[in-house]
């Protein structure tokens with residue numbers, strides 16, 4: 001029989017993977033130091049669970065929490081089906097050292113990283129294009145406010161005082177914030193908490209020196225890009241030949257990045273809640289852009305069913321390819337023109353591939369929507385020169 005009980009959640013990315021419990025036969029009250037020590041142990045366990053190191057402890061055939069198959073749903077952004085492996089647009093910073101030998105020096109490292117983060121944000125705010133962009137400036141102003149928030153700094157300092165590294169302290173506070181974020185109903189407050197979460201990731205990169213760019217040379221050929229949000233220009237930075245799909249935590253069907261995803265012809269799903277915290281780099285994943293379904297670490301039978309769906313789509317595309325050079329006529333012999341809508345350079349190859357007679361509507365506004373600043377005259381001239389090699393109607 002036990003007369004004392006202490007339990008703390010095993011949190012990672014705001015998700016509760018389990019509960020760590022200690023019990024005592026003697027009747028007693030656990031101290032703050034003991035609670036903090038158990039929280040540190042639970043943080044280490046969360047990383048071990050996520051990495052699969054504890055899989056050997058599970059029953060045969062059972063998956064531990066955090067590695068189970070998941071079926072998620074979102075909004076369709078681009079039709080098609082993509083089977084591949086997760087590539088995080090901003091790779092998660094992995095904290096490798098949790099216990100600190102000198103808490104005072106860790107507090108100094110935290111202060112230095114915060115100062116560096118503030119300087120980066122100030123420099124971004126001073127840029128001319130940001131100064132003119134109201135919405136972008138508002139976001140960065142919110143970041144600067146959070147970066148100077150005394151309450152946020154005090155929480156991280158309190159955790160460091162328990163004997164953990166600066167990185168572990170940031171991760172602990174970040175995970176606690178995410179857990180609270182799941183219970184917030186107010187969309188405005190929830191958005192601000194997302195900003196704080198993103199700011200914590202930036203602070204972790206300041207502490208570890210880790211970059212956040214994906215290396216195209218090591219990116220798999222069947223990459224499924226996963227991100228909280230991203231701009232259309234960022235998507236165009238990736239090699240479309242390696243992309244099989246896109247999954248976003250934010251971003252609806254009318255977003256600019258959705259327009260680019262459709263132009264690239266990749267399966268895309270948006271508004272998938274908490275997706276970046278539910279996947280790991282390299283996880284098997286399936287994106288069904290037609291239905292908005294996302295299968296993370298899918299079972300063998302589900303993967304086989306989607307593979308057959310991909311083969312069916314490929315056979316149908318082959319049928320379309322065989323028809324593309326046939327003259328377009330109605331059944332009574334009347335010739336009609338088939339044209340393709342476009343708005344980006346990546347659309348132009350589709351004109352020839354589809355056998356279209358030209359561009360029925362070229363949307364000039366897309367060049368302005370995807371750019372961080374107004375395209376220069378020379379850039380627009382080069383674009384329209386490439387477009388006007390074929391019949392085109394410009395808007």
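The values are calculated or read from the model by the stated rules, or taken from the named source; none is laboratory data. Since the model is a prediction, treat every value here as computed from it, not as a measurement. No Cβ is skipped: glycine too gets one built from the backbone with ideal geometry, and neighbour counts run over all protein chains shown.
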Please go through the range 15-35 and give me each residue that is under 21 Å from residue 162 (Cα atoms) and under 31 Å from the mean Cα position of the chain (by Cα), ordered by number. 19, 20
Within the range 382-393, is even one residue more than 22 Å from residue 232 (Cβ to Cβ), at pLDDT below 85, loosely packed, with under 14 Cβ neighbours inside 10 Å and under 37 Å from the mean Cα position of the chain (by Cα)? no
Can you tell me which of 234, 217 is under 25 Å from residue 349 (Cβ atoms), part of a helix (DSSP H, G or I) and modelled with pLDDT under 90? 234
Those residues of the range 147-156 that are surrounded by 14 or more Cβ atoms within 10 Å (Cβ to Cβ) and farther than 13 Å from residue 174 by Cα come to a total of 1
The residue from 320, 339 that alone is modelled with pLDDT under 90 and in contact with a strand residue (DSSP E or B) (Cβ under 6 Å, 6 or more places away or on another chain) is 339
What residue, of 195, 176, is in a helix (DSSP H, G or I), at pLDDT 75 or above, out of contact with any strand residue (DSSP E or B) (no Cβ under 6 Å at 6 or more places or on another chain) and surrounded by fewer than 19 Cβ atoms within 10 Å (Cβ to Cβ)? 176
Near pairs, Cβ below 7 angstrom, 6+ apart or cross-chain, from the range 383-395 (farther than 15 Å from residue 367 by Cβ) to any residue that is in a loop (DSSP other than H, G, I, E, B): 391/357
Kindly provide the set of residues from the range 252-279 that are in a loop (DSSP other than H, G, I, E, B), surrounded by fewer than 23 Cβ atoms within 10 Å (Cβ to Cβ) and in contact with a strand residue (DSSP E or B) (Cβ under 9 Å, 6 or more places away or on another chain), ordered by number. 252, 253, 255, 265, 271, 273, 274
Going by the conditions given, is residue 294 modelled with pLDDT of 90 or more, within 17 Å of residue 250 (Cα to Cα), assigned by TED's automatic domain parsing to the domain that holds residue 235 and within 14 Å of the chain's Cα centre (by Cα)? yes
Would you point out the residue of the range 220-231, among those that are over 19 Å from residue 93 (Cβ atoms) and crowded, with 16+ Cβ neighbours inside 10 Å, that is modelled with the lowest pLDDT? 231
Taking the condition out of contact with any strand residue (DSSP E or B) (no Cβ under 7 Å at 6 or more places or on another chain), surrounded by 18 or more Cβ atoms within 10 Å (Cβ to Cβ), under 26 Å from residue 228 (Cβ atoms) and at pLDDT 85 or above, does residue 83 pass? no
